[in-house]
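What follows is a set of notes on a single structure, which appears directly below.
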Amino acid sequence: MEDVAPITPPASAGPAYGDYPEPGRRALITLGVVLTTLMTSIDGTIANTVLPQIRASVSASQDEILWVLTSFILASTVVTPAIGWLERRFGRRNLLLGALIGFTVSSVLCGVATGIAELVIYRVLQGATAAVFIPLSQAILLDINPPKDHARAMALWGMGAVLGPIIGPILGGFLTDQLNWRWVFFINIPIAVVGFLIMAATLPKRVRRDQQKFDAFGFLALIVGLVGMQMVLDRGPGAEWFSSAEIWVYAAFAALGLYVFFVHIFTSERPIIHPSILADRNYLLSSVMGLLIGVLMFAGMAVLPSLMQGLLGYPVLTAGLTQASRGVGTFVSMFLVGQLSGKVDNRVIIFVGLSLTGLSYYLMSGFSLDMDQTPITVSGLFQGLGLGLVFVPLMGIAFTTIQPALRTEAASFYTLIRNVGSSLGISIVGALQIYNARIVSSQLAEHATPDNLNVMAELPATLDLTTAPGQALMSGMIERQSALIAYVDSFHMLFIMCLVILPLLLFLRVKRASHA
């Protein structure tokens, strides 16, 4: 797809910084932006490590508990396309401060929830208010810094966005071990208050109101499509997939909603997403890669805590700390990106990052029940290094040919695509975990019988399959092995995905386009 001629964009609603803020004020704004970004990205994953504790407290099933993760991401995804209009309508400062208040209130509600339905509703509110932080923070940093400092500003922003999912599980494990799981939500309060005070004091109060009507039809079509797609993945395992009429209904809503949304974008006079954004080849390819990167970032991380606690018997704090190597790798790679930016082709940096990420998932596909913490630590280090090298350079390439006035919309849609990948990744791996474990368990149980001499020869003499205690012990062994094989299969799938992404790098451009 060739890049189309520039289409006259709407007036930017962001503050007109002109000659850019003075260094002290710029530093404060950057601090506030990084804090809110870090808080948002932490909250997307802080519940991962403590899902077993939350599940026990609110009496949720294995399928239902995943909604604590996916509801946050899905709500954030659904609201994201409206951020451009909301910014033009209410102003960047007002929107950001209002979202911080809403996020704080919903965090408190999550912390006091007593049932799974209640918790999911509050997580939806939390995700919806959190949606504005990442795209607005990107746009703010681009506006307050001259073009020569954009790469460094995005590296600082990227540290908040990428380190959040690393810190989240560790912080969640610590708070649950020392207090209880409810504090994984209460911890947002002081961070949000500090961020609110900084932003209120530093962001300009100028508001250029845009009376343009909101594209409610396109927004509704997107909601229908995304929710339908998410319901297919979340309800599929329990409803036997497409043997159930319920799943067919969800699939029909998903297909119809997404089809109408994309047709509407290119035929409406002023859709929710400006068509010139999606017609930009560089941005479109980067967004597709961003979707797949979203899967790689969150899918493995979402199931790893349950593997460590459920199969390896790690305490909740140990499960969180074991993943610290991922954070170390990300810190190192973020530093390297800042040093290499402008000196090395971003595509080369991304290639190295994807290769390291693929290596990490390859190592994870060799996990066993007899291993110590070393394989988890080493694979986590490689994964942190890899994803850190991919995240910021890919985002930089995505915006090289986007008109400055469309940055907020472009950042919003880019975040939407990555969030869709994150939500889909968690749901797909969760569904595969249930499905594959069930299949493997059935196959192993067929052979674990007293008349199978090969199996009997491998069992210890104290294990008698002709007795009820022996059969119960064997059933437990089969369940653990089946779960491990399902995890390993998921990690192998993510390794293959890394290989699939690599050829897309050949079609990306890195030269900045000029705009009139």
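The values are calculated or read from the model by the stated rules, or taken from the named source; none is laboratory data. All values derive from a computational prediction rather than experimental measurement. Neighbour counts are summed over all protein chains in view; Cβ atoms, including those assigned to glycine, are modelled from backbone coordinates with ideal geometry. The area values use the complete protein model at the heavy-atom level, side chains included, leaving out ligands, DNA and RNA. Shrake-Rupley method; radii C 1.70, N 1.55, O 1.52, S 1.80 Å.
Of the residues that sit in region 255-273 and are open to solvent by less than 10 Å² (accessible area, probe 1.4 Å) and not aromatic (Phe, Trp, Tyr), which one is farthest from Ala82 (Cα to Cα)? Walk me through it before giving the result.
If we filter region 255-273 for residues that are open to solvent by less than 10 Å² (accessible area, probe 1.4 Å), which is where we start, we get 257, 261, 265, 271, 273.
After this cut, where a residue has to be not aromatic (Phe, Trp, Tyr) as well, the list is 257, 265, 271, 273.
Working: Gly257: 16, Ile265: 13, Pro271: 10, Ile273: 9 Å.
Restricting to residues being open to solvent by less than 10 Å² (accessible area, probe 1.4 Å) and not aromatic (Phe, Trp, Tyr), the top hit is Gly257.
Looking at the structure I just gave you, is Ser412 free of Cβ contacts under 8 Å to residues at least 40 places away in the same chain and open to solvent by less than 30 Å² (accessible area, probe 1.4 Å)? For Ser412, the condition - free of Cβ contacts under 8 Å to residues at least 40 places away in the same chain and open to solvent by less than 30 Å² (accessible area, probe 1.4 Å) - is not met. Yes or no: region 358-366 includes at least one residue that is open to solvent by 40 Å² or more (accessible area, probe 1.4 Å), touching a Leu at 6+ places or on another chain (Cβ under 8 Å), aromatic (Phe, Trp, Tyr) and assigned to a helix (DSSP H, G or I). Within region 358-366 (the criterion being open to solvent by 40 Å² or more (accessible area, probe 1.4 Å), touching a Leu at 6+ places or on another chain (Cβ under 8 Å), aromatic (Phe, Trp, Tyr) and assigned to a helix (DSSP H, G or I)), the answer is no, since none of the residues qualifies.
Are any residues in region 472-495 more than 22 Å from the chain's Cα centre (by Cα) and of a type in the set (Asp, Glu), and if so, which ones? Glu479, the sole residue that qualifies.
Tell me whether region 18-37 contains one or more residues that are at pLDDT below 60 and of a type outside the set (Val, Ile, Thr).
yes
Restricting region 368-427 to residues that are farther than 21 Å from Gly300 by Cα and of a type in the set (Ser, Thr, Tyr) leaves a set whose member that is nearest to the chain's Cα centre (by Cα) is Tyr414.
Looking at the structure I just gave you, is Met301 crowded, with 19+ Cβ neighbours inside 10 Å, at pLDDT 85 or above and among the aliphatic types (A, V, I, L, M)? No; evaluated as a whole, the condition is false for this residue. So is Ile293 in contact with an Asp or Glu (Cβ under 8 Å, 6 or more places away or on another chain) and crowded, with 23+ Cβ neighbours inside 10 Å or not? No; evaluated as a whole, the condition is false for this residue. Among the criteria (1) more than 26 Å from Ser306 (Cβ to Cβ); (2) open to solvent by 10 Å² or more (accessible area, probe 1.4 Å), the one Leu394 does not fulfil is (2). Screening region 205-292 for helices (runs of 4 or more DSSP H) wholly inside it with 2 or more residues that are hydroxyl-bearing (Ser, Thr, Tyr) and at pLDDT 85 or above returns the ranges 245-267.
The single condition among (1) open to solvent by 10 Å² or more (accessible area, probe 1.4 Å); (2) modelled with pLDDT of 90 or more; (3) in contact with a Ser or Thr (Cβ under 7 Å, 6 or more places away or on another chain) that Phe103 does not meet is (1). The condition of being surrounded by fewer than 22 Cβ atoms within 10 Å (Cβ to Cβ) and touching a Gly at 6+ places or on another chain (Cβ under 8 Å) holds for only one of Ala431, Ala405, that being Ala431. With respect to the stated conditions, Tyr283 is open to solvent by less than 30 Å² (accessible area, probe 1.4 Å) and aromatic (Phe, Trp, Tyr).
Just give me the residues in region 107-121 being assigned to a helix (DSSP H, G or I) and surrounded by fewer than 23 Cβ atoms within 10 Å (Cβ to Cβ), in sequence order.
First, pick out the residues of region 107-121 that are assigned to a helix (DSSP H, G or I): 107-112, 116-121.
If the condition is that a residue be assigned to a helix (DSSP H, G or I) and surrounded by fewer than 23 Cβ atoms within 10 Å (Cβ to Cβ), then Val108, Leu109, Gly111, Val112, Ile116, Ala117, Glu118, Val120, Ile121 are the ones that fit.
When restricted to residues that are closer than 27 Å to Ile116 by Cα and out of contact with any Phe, Trp or Tyr (no Cβ under 7 Å at 6 or more places or on another chain), region 189-204 contains 3.
Please count how many residues of region 130-142 are at pLDDT 80 or above and crowded, with 24+ Cβ neighbours inside 10 Å. Even if it seems obvious, please write down each step before you answer.
The initial filter retains those residues of region 130-142 that are at pLDDT 80 or above, namely 130-133, 136-137, 140-141.
Those left that are additionally crowded, with 24+ Cβ neighbours inside 10 Å: 130-133, 136-137, 140.
Within region 130-142, residues that are at pLDDT 80 or above and crowded, with 24+ Cβ neighbours inside 10 Å number 7.
Taking the criterion of being in contact (Cβ under 8 Å) with a residue 60 or more places away in the chain and either aromatic (Phe, Trp, Tyr) or more than 19 Å from Ile428 (Cβ to Cβ) (or both), the residues of region 52-72 that qualify are Pro52, Gln53, Ile54, Ser57, Val58, Trp67.
Open to solvent by less than 100 Å² (accessible area, probe 1.4 Å), assigned to a loop (DSSP other than H, G, I, E, B), at pLDDT below 80 and not aliphatic (A, V, I, L, M) - does that describe any residue in region 492-510?
Of region 492-510, the ones open to solvent by less than 100 Å² (accessible area, probe 1.4 Å) are 492-505, 508-510.
With assigned to a loop (DSSP other than H, G, I, E, B) added as a condition, the list becomes 508-510.
Add one more test, that the residue is at pLDDT below 80, and what stays is 509-510.
With the extra rule that they be not aliphatic (A, V, I, L, M), the set shrinks to 509.
For region 492-510, residues open to solvent by less than 100 Å² (accessible area, probe 1.4 Å), assigned to a loop (DSSP other than H, G, I, E, B), at pLDDT below 80 and not aliphatic (A, V, I, L, M): present.
Assess whether Arg347 counts as being crowded, with 22+ Cβ neighbours inside 10 Å and either basic (Lys, Arg) or not in a helix (DSSP H, G or I) (or both). Can you show your working first?
Details: crowded, with 22+ Cβ neighbours inside 10 Å: no; either basic (Lys, Arg) or not in a helix (DSSP H, G or I) (or both): yes.
When the stated conditions are applied, Arg347 does not pass them.
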